[in-house]
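Each reported figure results from applying straightforward, stated rules to the coordinates on display, with no laboratory input. This is a predicted model, so every value here is computed, not measured. For neighbour counting, all protein chains shown are included, and Cβ atoms are generated from backbone atoms with ideal geometry for every residue, glycine included.
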Amino acid sequence: MRTRKKIKVLVVDDSLLFRESLARGIAADPIIEVVATAADPYEARDKILEFEPDVMTLDVEMPKMNGIEFLRRLMPQYPLPVVVVSGTDGVVFDAIGAGAIDFVAKPDSGRNLGMEALINELVVKIKIASIVKVGNMKAPGMGRKIIGAGAGNGKNKIIAIGASTGGTEAIYNILKPLPLEMPGILVVQHMPPVFTKLYAERLNNSCRMEVLEAKNMDRVLPGRVLIAPGDSHMRLKIIENDYYVECFKGEKVKGHRPSIDILFESVAQCMGGDSIGIILTGMGYDGAKGLLSMKKKGAATIGQDEKTSVVYGMPKAAYDVGAVEYQLPLEEIPNRVYKMMTGR
């Protein structure tokens, strides 16, 4: 009988107690093997060369060298899928910018999650990281601003974006070049609570459009990006000819809350052909059904291509069901969206 190859994991954390608890917890999964642990980046470097792990879990705050600096030095020479284990703060996005695949929050970070929940989340993300193409984490030539007269007032148009693993950088690379004069943009990025607010603040500081974590009944306005809050669904509503978002709990959809499908389905119903749907990198099937609904209603639909996707799961699922009208490299999406809105 053929047996599945185990995922070799290196656990890096300066706390002996936490390091051993983490290693013991994830090793209980039948397809994960913790091949080594390390207390700091220098020890981790030696263990990487000795054990050649498939995935590394990495603390950020460590002695001798912090995890972000370690990533910046490691990735150009030894690309390795990394899942960051950190407290609840924006430093995780610095780590992702330096090459990490994803992150989980430590249980003492205020999320009211215990060690068991952290282990369960980390196991899932290790399995995803093990199939990631690390070279796709950075897309060449991104971030160039689009210079133009904008896309009109965008009052009766909506752009909806959905992403998961690898999506934080992909979304940034789409929003960063866009001018202020764009229609309202609604975003679902699979991400836990607290982090969506930090992520929105980070984008707001680097993009020309206003970026906010959505609150229930926020208005959708030209020049504004609303990010679905972690652990809440978000859908579009029309009230007296104005556009709002409704944020609510509800059941998880395909294991996700927020759900991309819920957002896309609502945009399909409310906007029809006056919308653009974009599905980006991520594992699973969330968004495929909703994007197909948007396309059937006349919306333009875009899927990130395999070459630039960190995980070509969600874009492939959408493409396979016929939901994707344009399959594009990440670096081409901002200009295509701009041209769709301006007719140029």
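Is the stretch 7-132 rounded, prolate or oblate when judged by the Cα gyration tensor, a ≥ b ≥ c being the square roots of its eigenvalues, rounded requiring a/c under 1.5 and prolate requiring a/b larger than b/c?
It comes out rounded by the Cα gyration axes.
If the only charges are +1 at each Lys and Arg Cβ and -1 at each Asp and Glu Cβ, what is the size of the charge dipole of the stretch 158-342 around the Cα centre, to the nearest 20 debye? The partial results should precede the final answer.
On the way: 21 positive and 21 negative charges, 27 e Å.
That gives a dipole near 120 debye.
Compute the Rg to Rh ratio over the stretch 158-342 from the alpha carbon atoms, using the Kirkwood formula for Rh, and round to two decimal places.
Result: Rg/Rh = 0.92.
Pairs of lysines 8 or more apart, or on different chains, with alpha carbons under 21 Å: count those in the stretch 158-342, would you?
Counting lysine pairs in the stretch 158-342 gives 28.
Is the shape of the stretch 249-344 rounded, prolate or oblate, going by the alpha carbon gyration tensor and its root eigenvalues a ≥ b ≥ c, with a/c under 1.5 for rounded and a/b larger than b/c for prolate?
In terms of gyration-tensor shape, oblate.
How far is helix 16-27 tilted off the main Cα axis of the chain, in degrees rounded to 10, range 0 to 90?
70 degrees
Residue separation times 0.36 nm, minus the C-alpha to C-alpha distance between residue 249 and residue 215: what's the value?
Working it through step by step, the gained length comes to 11.0 nm.
Going out from 0 in 10 Å bins, what whole percent of all Cα-Cα distances in the chain drops into each bin?
So the P(r) values, bin by bin, are 6, 26, 34, 22, 10, 2, 0.
Going toward the positive end of the dipole of the stretch 7-132, with +1 on Lys and Arg Cβ and -1 on Asp and Glu Cβ, which of 22, 100, 70 do you reach last?
Among 22, 100, 70, the one farthest towards the positive end of the dipole of the stretch 7-132 is 100.
Compute a Gaussian network model of the chain, connecting alpha carbons closer than 10 Å, and tell me which residue from 323, 39, 129 fluctuates the most.
Highest fluctuation of the listed residues: 39.
On a 0 to 90 degree scale, rounded to 10, what angle separates helix 41-51 from the longest Cα axis of the chain?
For helix 41-51, the angle is close to 80 degrees.
With +1 on the Cβ of every Lys and Arg and -1 on the Cβ of every Asp and Glu, and nothing else charged, how large is the dipole of the chain about its Cα centre, in debye rounded to the nearest 20?
1020 debye
If you rank 308, 342 by fewest surrounding Cβ atoms within 10 Å, what's the result?
With the sparsest Cβ surroundings first, the list reads 342, 308.
What percent do you get for the relative contact order of the stretch 7-132 when only Cα pairs under 8 Å and 6+ apart count?
Reported as a whole number, the value is 23 percent.
For residue 52 and residue 120 in the same chain, what is the full-extension length gain: residue separation times 0.36 nm, less their Cα-Cα distance, in nm? Could you put the intermediate results ahead of the total?
Numbers: separation 68, 0.36 × 68 = 24.48 nm, distance 2.38 nm.
Working it through step by step, the gained length comes to 22.1 nm.
So how do 75, 65, 341, 234 line up by other beta-carbon neighbours within 10 Å, fewest first? Provide the component values of the computation, followed by the final result.
On the way: 75 18, 65 14, 341 21, 234 26.
By the 10 Å Cβ count, ascending, the order reads 65, 75, 341, 234.
Using the per-residue mean of other Cβ atoms lying within 10 Å as a proxy for protection, in what order, highest first, do the peptides 326-335, 286-295, 96-105 fall?
In decreasing order of mean packing, 326-335, 286-295, 96-105 become 286-295, 96-105, 326-335.
How do 256, 233 line up, fewest other C-beta atoms within 10 Å first? Could the numbers behind the result be given before it?
Details: 256 20, 233 25.
If I rank by nearby Cβ atoms, fewest first, I get 256, 233.
State, as an integer percentage, the relative contact order of the chain based on alpha-carbon contacts under 8 Å between residues 6 or more apart.
Reported relative contact order: 12 percent.
Cut-off 10 angstrom, C-alpha nodes, Gaussian network model of the chain. Which of 319, 243, 78 fluctuates the most?
78
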